[in-house]
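Written out below as C-alpha cells is the structure these notes cover.
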Amino acid sequence: MKEIKMYQQPGPTDSTMLDVAVGPHSRMGTGLAQVHQRWVIALLPAIIGSIYYFGAPSLRIFGLCIGFALVIDFVAERLAPSRDLTSNWSSVLFALMLGFMLPVNAPWWLILTGCFFMVIIGKKLFGGVGGFPAHPVVLSVAVLQLSWPQRMDNTGALKDLDWQVTMVEPLRMLKSQGAAAESHYQWLDMLLGRQVAGAAEGMVLFIAIGALFLLLLREIQWQVPAGFIVGLVATSSLLHLSDPEMFATPLFHLLSGGTLFIGVFLLTDHTTSPVNRLPMILYGILAGVLLMLIRGYSLHADGIVYAVLLANLCSPLLDMIKPQVRGGENV
Amino acid sequence: MQRLFDVFRNRAALPTVPDYDPEIRQIEDPERVIIPLDYPGRIHYLPTVKAGDTVRRGQVVGRSRLGNSTLASISGRVREIATTWTAQSVHSPAVVIENDGGEGIPAGEMFDGPVAPGDPRAALKRIRTAGVNAPWTLSGRDYGTGEITALPRLEAVIITGVQEEPTILTSQLLLEQQAEKVAEGLRRIRILLPDASIWLTVPAHLQSWAEDRFSEFADIAPVPRSYPGRIEREVVARLIGRQIPNRESYISRGVIVQDIENILAMVDALDGVSPFIQKCLTISGPTIDKAVTVRFALGSSLRHILASQGLKVSDFVRPVVGGPMKGIAQYSDLTPVTYNSGIHLIAQDLSPFDPIAPCIFCGRCTRVCPAKIQVHLLNRMVEFGQFNSTGKLHPEACHECGLCAHVCPAQRPIVQLLHFCNHEMTHGERYVWSAE
C-alpha cells in the first residue's frame, strides 16, 4: 500500500464545538420516560374514577403500589446496575396497572409481595424493560391469585359499600347461576364502573377514554384491541347460541370485570405483543378466544390473567409470520 | 390545530419541504479547491497532474481506467496531492488546487463542437471527457471489487426531478427554471437509448405542468412531499416494477438513475458548451428562514459555501452534508463538498441519541421500514453480538433511510446498528482503504 501523506489544512477551522453525531438528524425525540408517562396519563381517567367511587382505600392502593415498586426498583438497580433505569417510569406504570387489578382492601404485605414479583421476577430477572416474555403485572397478579385466593376476593372487599347494584362479581354470579345472572346487572352501571371488580379494572368507560388517547398517540396499535374484541365477541356468541342457559351474551362479557382493561392496556404492551400487523390481529383474536374458553369451561370465574399469559407466550411464534424482505439477497 | 394533528400522527419531526428562495445564486470561486480522487466502491481516479503544475479551469486532473475524468474547477497551481477527509466520512487522495485567478480553458479549445446526435460512442466519450459521468452518477451501492464487466442492456432510465430528502431542492428548481433544456436532454436520451423506457419524477404539485412539457419524451411519475414516499430505492422499485437487490448497483440491472443536474450537464457537454465543474446545493435548516440554493465550484470547502451566504459553522452545533435523514455530520468546516446536493444546519439537538436505552420491542421501526426488515430483532442481535443469527433476516436490504431511528421511542441509533451488522457480514473485520 502506497503511503500518501495527510493533507494539513492551512489555518484554524471554525469548528471547535461541532457535534459529530450520527444520522438521522431529525427524530421524533420521545424517550422511554415519555412513553411510559403517556401510558400513565392514559390510566389516569380510570384512577380518578376509582378514587371518586371508593375514596381513600383506592388512593391507598395506588400510593402503596407506586411506593413499593419504586423502592424495590431503585434498590434492585443499586444492587445490580442495568440499563433499565428507575427514571424510565416503567415501574410507576406497572405499579398502577397492578393497583388496577388488586381488591380495594388489599393488605400492605400483599401489595409488597405483588410489587416484588412484578419488579424482580417479572421484569428485572428477564433483563429489565423490553426483556420480559410475559407481562410482569399479569404474572404478579397470577401469583397473588394462586397464593392468596381469599385475599384477592373483590366481592369481600366491597361488601360494605352501599350501591344500588348487585354486590357480587358479575362473572362469579355467572359461574354459579348461569346466564340468569345477567338479569341482576344493568349494562349502564357496568359501563360506568359501578360493579364489583378490582380497584379500577371495572371502570369500562374511563378505560376506554384512556385507550382512545393511546390510540390517537399511536402508542398502541388498533389491531390488538380490535382482534381481541372480535375474538371475544365471536366465541361468546357461539357459546351463547349453543347454550343460552349457561353462557352469557357478548356484551356482558365485554363489560364485566377487567375484560376491556386487559384488551387495551395489558395485551397491547409493547414488549409482549407481536410487532407485525397480521400477527397483532391473530394475537388479539387468540387472547379473546382463550379468555372465553377459560371463562366458559374452567374452574376460574375470571381467567383474564391466564388468557393474557398464554397469549403473551404465543407472541414470538405469531411474529414468525412476517412480510417478505424487499431488496435483500433474496430478490 | 395542524400542530396538534401532527403530534397525534407522530409526525412532529419528520422533515418537510421548507420555505425556499427559488433563485439559484452563483457564488465566487474559492481560494482553494480539493478534488477527491477516490469514491470507495464506486470509482478510483489516478492523478494526471503533479504537485507544482499549473492547471486551468476545465483541465483534466484525474482519470479512471474507463476514461472517466475529474476536472479542475478553478485555475491555479496544484499545491499537493495528499489524503483528505471527505464529506462521505472516508479518507481519499485528493488534488489540492490554489486559485491564481487565471482564465479557464475556452470551450472551443476543449471540445470540437457539438456531438452528432445518434452517435452513442462519441457521446459516451464526450460525457467521460467532460466529467459528467462523475462517480456519484453511478448510482446504487456497489460492493464489488471494481472489476470492469460487460454491462447489461439498459432497460430503464429514471430522471429524478425530486431529491429524496425534502430539504434538497436543486433538482426541482432546475427542472422548473430550465424546462426546455431538460426536455432537450430527455430527447437526447431517447435518441441514444431508443428501446429504454424513460421516467421523470416530479413533485406531485407539478404533475400537470410537467405532463404538458415532457410527456413527449418521458413518462411522468409524481412523487409526494413526504420523505417516506420519496426514498429513491422505493421510487425506483415502484417504477420498474421489481426490486433491485440493495448490494447491486442499479446499472448492473440495466437501470440508470440520474438527477436533473446531470442531465443538464450532459446537454452542455454534448453541445460542447461547458464541462461539469460546478454544482448546485441547497442550504437549509430549522433555524434558516428560507432555504437558499447556490451554485459552487466542485471541491469548495463547506466554509466557503456558507460564508458566501453570510453563515458561520460556529453558529450551529452540527453541519450536515446531505439532508436531515441520510446526511453525514461534519467535524470540520474545511471539508470539500463535491458529492452532495444539500447542507442541513442544525442549531440545537432536540433529541439526542440515548446510548444506553434498552429496546422495548415496540416494533415501530419494523412497521415503518420500507424494506420490511425485522428491525426490532436485528438491532438487538447486533447489540448482543449475535451476528450468526442475523443472516436470515436480510439486514443487507437496509438502505439506511433512517426512518427506524426517526421513530424509535427509546432513541436508539438503529441505523448504525444495522450498518455495523452489514459491515461485519461483508468484511468481517475493520475495513481499510488501500491504494492500488
Check whether at least one residue in the range B:426-433 is at pLDDT below 90 and under 27 Å from B:Glu234 (Cα atoms), and report yes or no.
-> yes
Could you grab me the full set of residues in the range B:216-248 that are among the hydroxyl-bearing types (Ser, Thr, Tyr) and either assigned to a helix (DSSP H, G or I) or surrounded by fewer than 20 Cβ atoms within 10 Å (Cβ to Cβ) (or both)?
-> B:Ser226
Please go through the range B:268-289 and pick out each residue that is more than 19 Å from B:Ser73 (Cβ to Cβ), assigned to a helix (DSSP H, G or I) and of a type outside the set (Asp, Glu).
-> B:Leu270
Residue hits (the range B:373-404; without any contact (Cβ under 8 Å) to a residue 12 or more places away in the chain and not in a helix (DSSP H, G or I)) are B:Phe384, B:Gly385, B:Gln386
Set B:Ala116, B:Ala94, B:Ala122: member being over 23 Å from the mean Cα position of the chain (by Cα), outside any loop (DSSP other than H, G, I, E, B), of a type outside the set (Val, Ile, Thr) and at pLDDT 80 or above | B:Ala122
Quick one: is A:Val129 in contact (Cβ under 8 Å) with a residue 40 or more places away in the chain, surrounded by 17 or more Cβ atoms within 10 Å (Cβ to Cβ) and more than 14 Å from A:Gly258 (Cβ to Cβ)?
-> yes
Find the residue count for the range B:320-366, including only residues that are assigned to a helix (DSSP H, G or I) and within 7 Å of chain A (Cβ to nearest Cβ).
-> 1
In the range A:96-147, which residue that is among the polar types (S, T, N, Q) and within 22 Å of A:Met203 (Cβ to Cβ) is modelled with the highest pLDDT?
-> A:Ser140
For B:Leu418, are the conditions met, namely being of a type outside the set (Gly, Ala, Ser), closer than 30 Å to B:Thr282 by Cβ and outside any helix (DSSP H, G or I)?
-> no
Filter result (at pLDDT below 90 and in contact with a strand residue (DSSP E or B) (Cβ under 8 Å, 6 or more places away or on another chain)) within the range B:189-216 | B:Ile189, B:Arg190, B:Leu193, B:Ala196
Members of the range B:330-385 that are closer than 17 Å to B:Asn422 by Cα and of a type in the set (A, V, I, L, M, F, W, C) | B:Cys369, B:Ala371, B:Ile373, B:Val375, B:Leu377, B:Leu378, B:Met381, B:Val382, B:Phe384
What number of residues within the range A:20-76 satisfy the criterion of being away from chain B (no Cβ under 14 Å), of a type in the set (A, V, I, L, M, F, W, C) and in contact with a helix residue (DSSP H, G or I) (Cβ under 9 Å, 6 or more places away or on another chain)?
-> 21
In the range B:69-103, anything more than 13 Å from chain A (Cβ to nearest Cβ), buried (at least 21 other Cβ atoms within 10 Å of the Cβ) and in contact (Cβ under 8 Å) with a residue 60 or more places away in the chain is listed as B:Ser69, B:Thr70, B:Leu71, B:Ala72, B:Ser73, B:Ile74
Considering (1) within 10 Å of chain A (Cβ to nearest Cβ); (2) surrounded by fewer than 24 Cβ atoms within 10 Å (Cβ to Cβ); (3) more than 30 Å from B:Asp29 (Cα to Cα), say which one B:Ile373 fails and leave the rest.
-> (2)
The range A:89-131 - residue that is small (Gly, Ala, Ser) and in a helix (DSSP H, G or I) and, of those, nearest to A:Arg151 (Cα to Cα) = A:Gly114
Restrict the check to the range B:335-343 and report whether at least one residue is of a type in the set (Gly, Ala, Ser), over 21 Å from B:Pro245 (Cα atoms), at pLDDT 90 or above and within 25 Å of the chain's Cα centre (by Cα).
-> yes
Could you tell me whether A:Leu293 is modelled with pLDDT of 95 or more and more than 11 Å from A:Ile262 (Cβ to Cβ)?
-> no
Considering only helices (runs of 4 or more DSSP H) fully contained in the range A:236-331, which possess at least 3 residues that are within 14 Å of chain B (Cβ to nearest Cβ)?
-> A:277-297, A:304-318
Do we have any residue at all in the range B:207-226 that's of a type outside the set (Lys, Arg) and within 14 Å of chain A (Cβ to nearest Cβ)?
-> yes
Take the residues in the range A:60-114 that are hydroxyl-bearing (Ser, Thr, Tyr) and surrounded by fewer than 20 Cβ atoms within 10 Å (Cβ to Cβ), then tell me which one is nearest to A:Gln37 (Cα to Cα).
-> A:Ser87
Identify, by number, the condition in (1) of a type outside the set (Asp, Glu); (2) within 28 Å of B:Cys362 (Cβ to Cβ); (3) part of a helix (DSSP H, G or I) that A:Gln145 doesn't meet.
-> (2)
Consider B:Ala116 carefully, then state whether it is crowded, with 21+ Cβ neighbours inside 10 Å and of a type in the set (Gly, Ala, Ser).
-> no
Among what's in the range B:293-319 and is among the small types (Gly, Ala, Ser) and outside any strand (DSSP E or B), pick the residue that is nearest to the other protein chains (Cβ to nearest Cβ).
-> B:Ser314
Considering every residue within the range A:129-138, establish whether at least one is out of contact with any helix residue (DSSP H, G or I) (no Cβ under 9 Å at 6 or more places or on another chain) and among the aromatic types (Phe, Trp, Tyr).
-> no
Return a yes/no flag: does the range A:111-119 have any residue that is of a type in the set (Val, Ile, Thr), closer than 23 Å to A:Ala311 by Cβ and free of Cβ contacts under 8 Å to residues at least 60 places away in the same chain.
-> yes
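The values are calculated or read from the model by the stated rules, or taken from the named source; none is laboratory data. Owing to the predicted nature of the structure, the values given are computational and were not obtained by experimental measurement. Counting neighbours? That spans all protein chains shown, and the Cβs are built from the backbone with ideal geometry, glycine included.
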